[in-house]
Amino acid sequence: MEKGEGIGLGNAKGRNEVQAVIFDWAGTTVDYGCLAPVEAFVEIFRIREIEITIEEAREPMGLSKMDHIRELLNMTRIRNLWIAKFGKEPDEGNLEFLYKDFEALLLKVLKENAKPIPGVIELVRRLRQQGIKIGSTTGYTREMINIVKEEAKIWGYQPDSIIASNDVPAGRPAPWMCFKTAMDLQVYPLSKIVKVGDTISDIKEGISAGMWTVAVLKGGSEIGLSETEINEMDPYELQSRMKTAENRFLNAGADFVIDEIGDLLEIIDRIDYRLTEKKDTFIS
């Protein structure tokens, strides 16, 4: 699954043009289905007697959590429900209170939602065998990701760099987290880095930074299903949902879309081949 058909694939093993991979966290490397933040987003509105849907809660996924709530409040249906309930449009003060409630709820459940997604540990091991560095960016704040990283470390997942949304002037889709990760890993040019995520915001972040972008479907927020739900779903319905998500990612500019995280190794080979081909063409 990639942007553009008919592109040749050669045996790029050993070329090692890709020097780093930057992963998202929830929905990409941990928290299968990206469940923890979604439940918290729904709950902060429910306690105010406003019912938002799971689909609405997921729509801005990948942004910093403050920006995520702001986007929810800007959705026409949710904004109208707010006005009907409180008699006025939501303002920045309301946003602050919603965020405080969200943060309190999320911090309670992060530890229980930090288990690496199947395939992540083996993937990282094999990438490191190839000399590829492992970076990470997240819509979580530093306080939030510190909880997740300590639990993920127990399971065996420990990136070389972790950049949170409040470590930089602005979160996704701005490129600053990716730029800071590249500096931490000391890797350039940025065309030798691959950004991997499960949301449109992840893809836009990678594009903004001038990196290769790879979207992952299973385990991610765009599909929005737990591992059990995916395993029990009718195969035709699952394929339909995956195709819809794939098209959304490709339309957003993703270079590649993979079914699950372990499929990234083949994509690294494809990118290695393309980078080597470009270099050989330039030399000749």
*asked:* Any residue that is in a loop (DSSP other than H, G, I, E, B) and closer than 21 Å to K195 by Cα - is there at least one of those in region 85-95?
replied: no
_Which numbered condition in (1) more than 18 Å from the chain's Cα centre (by Cα); (2) of a type in the set (S, T, Y); (3) within 13 Å of D24 (Cα to Cα) is the only one that T181 fails?_
(1)
_Can you list residue pairs whose Cβ atoms sit under 8 Å apart, with the first residue in region 247-259 being more than 11 Å from I207 (Cβ to Cβ) and the second being of a type in the set (F, W, Y) and part of a strand (DSSP E or B)? Count only pairs 6 or more apart in sequence or on different chains._
F256/W212
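Restricting attention to region 110-120, which residues are open to solvent by less than 50 Å² (accessible area, probe 1.4 Å) and either in a loop (DSSP other than H, G, I, E, B) or within 21 Å of M66 (Cα to Cα) (or both)?
Going through region 110-120, the residues open to solvent by less than 50 Å² (accessible area, probe 1.4 Å) turn out to be 110, 113-114, 116-117, 119-120.
Matches in region 110-120: L110, N113, A114, I117, G119.
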*In the set E43, E71, which member is open to solvent by 20 Å² or more (accessible area, probe 1.4 Å), modelled with pLDDT of 95 or more, closer than 30 Å to A209 by Cβ and not in a loop (DSSP other than H, G, I, E, B)?*
E71
_Looking only at region 47-68, filter to residues that are surrounded by fewer than 13 Cβ atoms within 10 Å (Cβ to Cβ) and among the charged types (D, E, K, R); which one of those is nearest to T141 (Cα to Cα)?_
E55
*Set T181, T137, T228: member being in contact with an Asp or Glu (Cβ under 8 Å, 6 or more places away or on another chain) and of a type in the set (S, T, Y)*: T137
*asked:* Looking at region 20-47, I want the residues that are over 30 Å from Q186 (Cα atoms) and have a partner that is buried (at least 22 other Cβ atoms within 10 Å of the Cβ) and of a type in the set (F, W, Y) with Cβ atoms under 9 Å, at least 6 apart or on another chain. Which pairs are those?
replied: P37/Y140
*In region 17-40, which residue that is more than 15 Å from G62 (Cβ to Cβ) and part of a loop (DSSP other than H, G, I, E, B) is nearest to the chain's Cα centre (by Cα)?*
Y32
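I'm checking my understanding of the structure. Among residues of region 164-202 that are within 20 Å of E222 (Cβ to Cβ) and of a type in the set (G, A, S), which one is surrounded by the most Cβ atoms within 10 Å (Cβ to Cβ)?
Residue satisfying both the conditions and the ranking: G197.
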*asked:* Regarding region 121-141, can at least one residue be identified that is open to solvent by 10 Å² or more (accessible area, probe 1.4 Å), charged (D, E, K, R), touching a Leu at 6+ places or on another chain (Cβ under 7 Å) and part of a helix (DSSP H, G or I)?
replied: yes
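The values are calculated or read from the model by the stated rules, or taken from the named source; none is laboratory data. Because the structure is predicted, anything quoted here is derived from the model rather than measured. Counting neighbours? That spans all protein chains shown, and the Cβs are built from the backbone with ideal geometry, glycine included. Just so you know, the surface numbers come from the protein's heavy atoms only, side chains and all, with ligands and any DNA or RNA stripped out. Shrake-Rupley method; radii C 1.70, N 1.55, O 1.52, S 1.80 Å.
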